[in-house]
Amino acid sequence: MLALGLLALAACSHQPQTQGPTPEQVRSAIVKLLPPSASDRQGWAQDIQAAFDTQALTPTADNLCSVIAVIEQESNFQVDPQVPGLGRIARQEIDRRAGSAHVPGFLVDAALGIKSPTGRTYAQRIASARSERELSETFDDFIGMVPLGQQLFGNFNPVKTAGPMQVAVAFAEANARGYPYPYKGSLRQQVFTRRGGVYYGTAHLLGYPAPYTEPLYRFADFNAGHYASRNAAFQAALNRLVKARLALDGDLINFSSATPGQTELAVRSLGTRLNLSDSEIRRSLEKGDKPDFEQTYLYRRVFDLADQVTGRPVPRAILPGITLESPKITRHLTTAWFAKRVDERRARCVGRE
């Protein structure tokens with residue numbers, strides 16, 4: 001209980017530690033917080049504690065339980081969880097991406113029919129894959145060994161998230177600097193390990209400043225992207241001021257096109273009430289994936305107007321209205337469902353304190 005008592009509750013998970021428990025005390029606390037089903041409890045405790053220590057995150061019970069809850073939700077503490085029907089799902093996704101890139105099916109079949117160093121064809125290895133790590137390794141081998149593999153199939157790897165926290169490989173690669181462990185091979189391969197997956201999953205969940213008063217919204221952001229909950233609240237505030245009904249998805253800018261998206265058009269329609277030019281609006285909305293969007297005149301003015309219309313402060317964070325889409329998902333799931341499920345696990349974890 002001494003170790004747990006030292007984990008003082010803190011409001012902001014991203015604040016660096018000033019004074020706190022020793023690594024040994026943190027590991028001891030983590031072991032007690034882990035769900036009964038978790039095996040190798042000392043190993044998980046070591047990797048979670050190391051992620052907090054190397055990223056200077058405060059190891060409060062709430063923060064530790066937030067990480068534990070995501071691991072439990074995403075992998076049930078299996079470093080390399082099996083996915084039913086993964087080979088079939090992967091082949092369908094490869095064919096879909098090939099079709100989108102106008103790569104002929106016969107070319108895909110011919111390439112996958114080449115024998116790999118294991119003696120089996122790449123098609124056979126993909127069909128028999130039982131985990132995402134196994135599938136990703138097969139595909140990395142494939143694009144490295146097959147003639148023109150990188151040029152023709154470099155973007156077709158269907159595995160985009162990895163490890164026990166299912167963190168995006170792209171996020172890890174964009175934040176490679178600072179990774180504390182020596183390794184051989186690719187960073188992608190590290191994300192499939194327990195220590196790499198926990199390190200980058202913790203960074204994605206807690207390693208950014210956010211205005212939220214409840215962990216629920218960080219869980220939504222973990223699924224939908226940083227500041228999705230804040231931005232969805234901004235869109236909801238806009239809906240109170242304009243005739244259009246915006247989707248509350250947290251996407252403020254249409255980055256894939258020069259044409260303004262619906263949120264940008266809605267802001268422009270406020271006209272003189274904002275006293276901002278189109279270019280000023282655009283520059284403000286482009287900060288939607290950063291903490292300082294909240295400091296812009298646009299953000300403050302929209303919420304001021306929404307507060308006036310309702311006669312009370314409108315929410316500054318809401319759960320985004322996003323349906324989860326993935327070849328692995330076979331039923332209707334949403335970001336809100338994910339966030340609530342993880343938050344329930346977090347609460348149970350805190351109860352074990």
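A few remarks follow.
- The chain - mean residue ellipticity at 222 nm from DSSP helices (-39,500 (n - 2.57) per run, n ≥ 4, rounded to 500): -15500 deg cm²/dmol
- Across the options A339, V191, P291, the greatest Cα extent toward the positive end of the charge dipole of the chain (unit charges at beta carbon of Lys, Arg, Asp, Glu) belongs to A339.
- Kirkwood hydrodynamic radius over Cα pairs of region 198-353, then Stokes diffusion coefficient at 25 °C and 0.890 mPa s, in µm²/s: 148 µm²/s
- Computed about its Cα centre, the charge dipole of the chain is approximately 440 debye, with only Lys, Arg, Asp and Glu carrying charge at their Cβ.
- Listed residues L276, L205, L107, most fluctuating in the chain (Gaussian network, C-alpha, under 10 Å): L107
- With a simple spin-label model that places each label point 7 Å from the Cα along the Cα-to-Cβ direction, the separation between A244 and A168 comes to 2.3 nm.
- Lys, Arg +1 and Asp, Glu -1 on Cβ, resulting dipole of region 86-162 about Cα centre, debye, nearest 20: 160 debye
- Take every pair of alpha-carbon atoms less than 8 Å apart whose residues are at least six positions apart; their mean separation over the length of region 86-162 yields a relative contact order of 34 percent.
- Highest GNM mean-square fluctuation among K243, K184, K160, for the chain modelled with Cα contacts below 10 Å: K184.
- Cα centroid separation - region 159-235 against region 45-79, whole Å: 12 Å
- Other residues lying with their Cβ under 13 Å from the Cβ of L276 contribute a combined charge of +3, Lys and Arg counting +1, Asp and Glu -1.
- Among F303, F106, F234: highest mean-square fluctuation, GNM of the chain, C-alpha pairs under 10 Å: F106
- Calculated FRET efficiency for the pair E286/S128, C-beta based, R₀ 51 Å, to 0.05: 0.65
- Cα-only Debye scattering, region 161-262: base-10 log of I(q)/I(0) at q = 0.10, 0.11 Å⁻¹: -0.38, -0.44
- Contact order normalised by residue count of the chain, Cα under 8 Å, 6+ apart, percent: 19 percent
- Cα-based Kirkwood hydrodynamic radius, the chain, one decimal, Å: 22.3 Å
- Charge-dipole axis of the chain as Lys and Arg at +1 and Asp and Glu at -1 on Cβ define it, positive-most pick from A220, V31, Q46: A220
- Net charge of neighbours whose Cβ lies under 11 Å from the Cβ of A50, counting Lys and Arg as +1 and Asp and Glu as -1: +1
- Counting every alpha-carbon pair across region 86-162, the share separated by more than 20 Å comes to 19%.
Read-outs: derived from the displayed coordinates by stated rules, not from any lab. All figures in this text were calculated on a predicted structure; none of them were measured in a lab. As a convention, Cβ positions derive from the backbone with ideal geometry for all residues, glycine included, and neighbour counts pool all protein chains shown.
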